[in-house]
Amino acid sequence: MHFVVCAKQIPDPETPPSAFRVDEAKKEVIPPQGIAPVLSQFDGIAAEAALRIKEQTSGTRITVISLGQERARDAIKQVLAMGADEGVLLDDATFQGGDSYTTARTLAAAIRKLGDVDAVFCGRQAADWDMGQVGLGIAELLGWPCAIIASSVQCAEGKLTVKRVLADGFETVRVPLPAVVTVSNELGEPRYPKLQQIMQAARKTVRSMTPAELALDPSTVGAAGARLKLERLFVPVAGGDCEFMPGDTPQAQAVALAKTLRAARIL
Amino acid sequence: MAQDILVVGELADGALSATTVELLGAAVRLAEGGRVSVTLLGSAAPAAAAPAFAAGADRAFVSGDGGYEPFRSDPWVAAVQAAITQAQPAVVLLAQSTVGRDLGPRLAFRLDTAAAMDCVQLAIEGGSFRATRPCFGGNALASYSFATSPAIATARAKSQDALDPPRAGATGETVALPGPAEARTEVTGREQAAATGLRLQDAPVVVSGGRGLGGPEGFRLIEQLAAAIGTHRAAVGSSRAACDMGWYPVSQQVGLTGKVVTPDLYIAVAISGASQHMAGCSGAKAIVAINRDPEANIFKAARYGIVGDYKLVLPPLIEAIRALD
């Protein structure tokens, strides 16, 4: 079996809100100083899902693909250290500045180029833009079925058995390979690589693929191919008008809160 | 300028889902006189057409075939695609739900267009559709326009307003959709979450506890506060930090990786307001924050606040709320 894990390097989502800044003119997030970008948490869990199957299925290899600039190599290395076998970095300048459509299109082309892929594992959404489209987009572009928001994934007899998280419970589905699955945090924590694995990962191959190799028209990828146009990116003005309850004691403040909520017809 | 809009309807317990009713209200406003259509799929669909007309639809694309249940994307994509081919809408609206999370992106890629997910504002600006959604864990909002048509957007529950009043007795055109296409996905099992009273997402009031509670016993006071408000009205939530420490079940986690709730009132107790938590509760109509740290981020989003130790504040608050009635 050959699995692909899609991995994205993102600004650390644990950045405190006070350190989060947006350049409204450029419509970009300003990288917070001293806080390194990280592998999107759900992508680490997607890697974990693929690795759990690899451990039980001999002859399985895992390729990790990242679309991003040179620094995305760190995200690839992390998944390699977890146990993936090789990496692909899609860092051509024409790939940058795209949307869910161009990202899925570029990743799907790379997966097609690999040729023998049985399943693709993605995070349920990238923990920066939170769209949750790329896994489904890859599936649509390749003509494969897709199961989203998985809490467990098993592989047997040419099928994936996927337990999915629903709003009010769980559902188990079976999809034939090749297929795409998007993985949620309910699956569990990604494994933590040992020092030896980190050293081994440094020697694993990470290759690049260019738009020409992928037979992608530059006008259909990156900023040129994007269908969603970001008109505005801004930090919402959060009230700033919190009304603190009067009173010298917790007792008095608590009574004031109950009365205020009643007067405002909230309680 | 008038434009036609299609809403992908969902049915819950045999009736139109609350979010579908809200989306139809939004569609009437966005259409500016254009035609509003809805798709209704499943055995309860024929009976849901009249309520959909009252909620704002002019036309319903309906199949009452039970083969559309439970939701599987292949037959749903085919049915909605058929409706889109006939209705030629400028905008397709879905709920950010189990259905919409799957169908929104699939339709976008199938129709060679684009989708914006989990939107909280939908508008027409300068004659074109604009969708605004939280991103970066709720730290920022992004507004998008669309380079391709139809524009597809999923909207967060309770982010849109239903028609008020509804169009009582309104009628509309019904168009039959074919039965379900074959699904590649086979549903082999389903577990309902343990029904412990009110669902977090449905509760008009959510009382949540966080890391500052200091331990699982703090949740007893949170539960008492919820009970004082009323077990039929208030549900208990938890921050990720508190769930990670095993103080409360993960099923009650509010936040980016838990449940997104939009209650009338959200009471955050000993929660600092990390952005990933705010992503799950910032849609609340009013937030009350109780925290020892006056600088806590949660106060920036709160309408009412008490700076203090929850162990001292909650017992008199529980008493005061009980005394309201």
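The values are calculated or read from the model by the stated rules, or taken from the named source; none is laboratory data. For clarity, every value in this text was computed on a predicted model and none was experimentally measured. A quick note on method: Cβ atoms are made from the backbone with ideal geometry, for glycine too, and the neighbour counts reach across all protein chains shown. Quick note on the areas: whole protein, heavy atoms, side chains included, nothing else; ligands and nucleic acids left out. Shrake-Rupley method; radii C 1.70, N 1.55, O 1.52, S 1.80 Å.
The table that follows gives values for the structure above.
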{"read-out": "Buried on assembly, the stretch A:227-266 (at least 50 Å² less accessible surface than by itself, 1.4 Å probe)", "value": "A:R227, A:L228, A:E231, A:F234, A:C242, A:F244, A:P250, A:A254, A:L257, A:A258, A:R262, A:I266"}
{"read-out": "Between helix A:250-263 and chain A: long-axis angle, C-alpha atoms, 0 to 90°, nearest 10", "value": "80"}
{"read-out": "Charge dipole (debye, nearest 20) of the stretch B:1-148; +1 at Cβ of Lys and Arg, -1 at Cβ of Asp and Glu", "value": "220"}
{"read-out": "Inter-centroid distance (Cα atoms) of the stretch B:45-70 relative to the stretch A:208-237, Å", "value": "38"}
{"read-out": "For chain B, with +1 on Lys and Arg beta carbons and -1 on Asp and Glu, the positive-most of B:F61, B:A155, B:L256 along the dipole", "value": "B:L256"}
{"read-out": "C-alpha long axis of helix A:73-82 to longest principal axis of chain A, angle in °", "value": "80"}
{"read-out": "Candidate lysines for bridging to A:K8, where Cα separation is under 20 Å - those fewer than 8 sequence places away on the same chain excluded", "value": "A:K27, A:K77, A:K113, A:K204"}
{"read-out": "C-alpha center-to-center spacing [the stretch A:25-63, the stretch B:153-232] in angstrom", "value": "30"}
{"read-out": "Given charges at beta-carbon only (K, R positive; D, E negative), |dipole| of chain B in Debye", "value": "540"}
{"read-out": "Accessible area per residue in Å² at 1.4 Å probe, computed on chain B", "value": "37"}
{"read-out": "Estimated buried accessible area (total), pair A and B, 1.4 Å, Å² to nearest 100", "value": "6700"}
{"read-out": "Where trypsin sites (Lys or Arg not before Pro) in DSSP loops with at most 16 other Cβ within 10 Å are excluded, longest remaining stretch of chain A", "value": "A:28-190"}
{"read-out": "DSSP beta bridges in the stretch A:1-79 [antiparallel fraction, %, rounded to 5]", "value": "50"}
{"read-out": "Along chain B, longest interval not containing exposed GluC sites (Glu not before Pro), exposed being DSSP loop plus at most 13 other Cβ atoms within 10 Å", "value": "B:33-181"}
{"read-out": "Rounded accessible area per residue of the stretch A:2-225, 1.4 Å, Å²", "value": "41"}
{"read-out": "3J(HN,Hα) from dihedral phi, the stretch A:96-107, Karplus parametrisation 6.51/-1.76/1.60, rounded to Hz, x for glycine, proline", "value": "7, x, x, 10, 4, 5, 5, 5, 5, 4, 5, 5"}
{"read-out": "Dipole magnitude of the stretch B:205-322 about its Cα centre (Cβ charges: Lys, Arg +1; Asp, Glu -1), debye to nearest 20", "value": "200"}
{"read-out": "D (Stokes-Einstein, µm²/s), Kirkwood Cα radius, chain A, 1.306 mPa s at 10 °C", "value": "78"}
{"read-out": "Percentage relative contact order, chain A, counting C-alpha pairs under 8 Å, at least six apart", "value": "23"}
{"read-out": "Principal-axis tilt of helix B:18-31 within chain B, Cα atoms, nearest 10 degrees", "value": "60"}
{"read-out": "19 Å Cα-Cα reach of A:K259 towards aspartates and glutamates, excluding residues that sit fewer than 8 places from it in its own chain", "value": "A:D241, A:E243, A:D248, B:D264, B:E319, B:D325"}
{"read-out": "Amide H partners (placed H, <5 Å) of A:D130, local residues excluded", "value": "B:F136"}
